[in-house]
Amino acid sequence: MRIPCEVVVRQLLPSIRKEIAKELVETHSMTQAEVARLFGVTDAAVSQYLRKKRGGNKAMESSLKYGEFMECLRASARRMAMGASDFASEMCGICMASKRLGVLAEIYRVETGRDPPDCACTKDTALA
């Protein structure tokens, strides 16, 4: 059985990178090289995100909460572009938003054909 964390790593994180890269380049006029440095990946990887060769996820894009999820992504991209936050912190926040909105659970259902297990990976575990 696939655990939710595997779905996060294989499906959610690449999709988040793709959407944030697109937002940083198109809206905030960052270069691919700047985005690559921010993400800690190669320029070629960013190019693949922008050309939709990496990071596509139909389950995420068809989610009923996709609009809200994209607002979280846009806000994260804005903070990163302004230098107000770093990539790792924003990725954690977006992952938590995917749990809170139910996007991760929807991706899990599409990927596995099952409801996700009742674990911390599928719940919004806000830090105290």
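The values are calculated or read from the model by the stated rules, or taken from the named source; none is laboratory data. Keep in mind it's a predicted model, so treat the numbers as computed, not measured. In this analysis, Cβ positions are derived from the backbone assuming ideal geometry, glycine residues included, and neighbour counts consider all displayed protein chains.
All but one of (1) over 15 Å from the mean Cα position of the chain (by Cα); (2) farther than 16 Å from residue 11 by Cα hold for residue 110; state the number of the condition that does not hold.
(2)
Looking at segment 10-21, is at least one residue within 25 Å of residue 102 (Cα to Cα), in a helix (DSSP H, G or I) and either of a type in the set (Val, Ile, Thr) or in contact with a His (Cβ under 7 Å, 6 or more places away or on another chain) (or both)?
Within segment 10-21, one or more residues are within 25 Å of residue 102 (Cα to Cα), in a helix (DSSP H, G or I) and either of a type in the set (Val, Ile, Thr) or in contact with a His (Cβ under 7 Å, 6 or more places away or on another chain) (or both).
When you check residue 96 against the structure, is it surrounded by 15 or more Cβ atoms within 10 Å (Cβ to Cβ), modelled with pLDDT of 95 or more and either over 23 Å from residue 110 (Cβ atoms) or out of contact with any Phe, Trp or Tyr (no Cβ under 7 Å at 6 or more places or on another chain) (or both), yes or no?
Judged against the criteria, residue 96 is not a match.
State the number of residues belonging to segment 22-57 that are within 18 Å of residue 97 (Cα to Cα) and either in a helix (DSSP H, G or I) or of a type in the set (D, E, K, R) (or both).
1
This table checks each residue for (1) at pLDDT below 95; (2) surrounded by 16 or more Cβ atoms within 10 Å (Cβ to Cβ).
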| residue | (1), (2) |
| --- | --- |
| 6 | yes, no |
| 14 | yes, yes |
| 24 | no, yes |
| 32 | no, yes |
| 36 | no, yes |
| 43 | no, no |
| 53 | yes, no |
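Within segment 59-82, identify whether any single residue is surrounded by 16 or more Cβ atoms within 10 Å (Cβ to Cβ), among the aliphatic types (A, V, I, L, M), more than 11 Å from the chain's Cα centre (by Cα) and within 21 Å of residue 111 (Cα to Cα), and answer yes or no.
yes
List the pairs whose first member sits in segment 24-35 and is under 16 Å from residue 70 (Cα atoms) and touching a residue at least 24 places away in the same chain (Cβ under 8 Å), whose second member is acidic (Asp, Glu) and surrounded by 12 or more Cβ atoms within 10 Å (Cβ to Cβ), and whose Cβ atoms are under 9 Å apart, counting only residues at least 6 apart or on separate chains?
Pairs found: 24/34; 25/34.
Need pairs with beta-carbon distance below 6 Å; first residue without any contact (Cβ under 8 Å) to a residue 24 or more places away in the chain and of a type outside the set (A, V, I, L, M) and within segment 52-81, second assigned to a loop (DSSP other than H, G, I, E, B) and surrounded by fewer than 19 Cβ atoms within 10 Å (Cβ to Cβ); sequence gap 6+ or separate chains.
Note: pairs meeting the criteria are 79/85.
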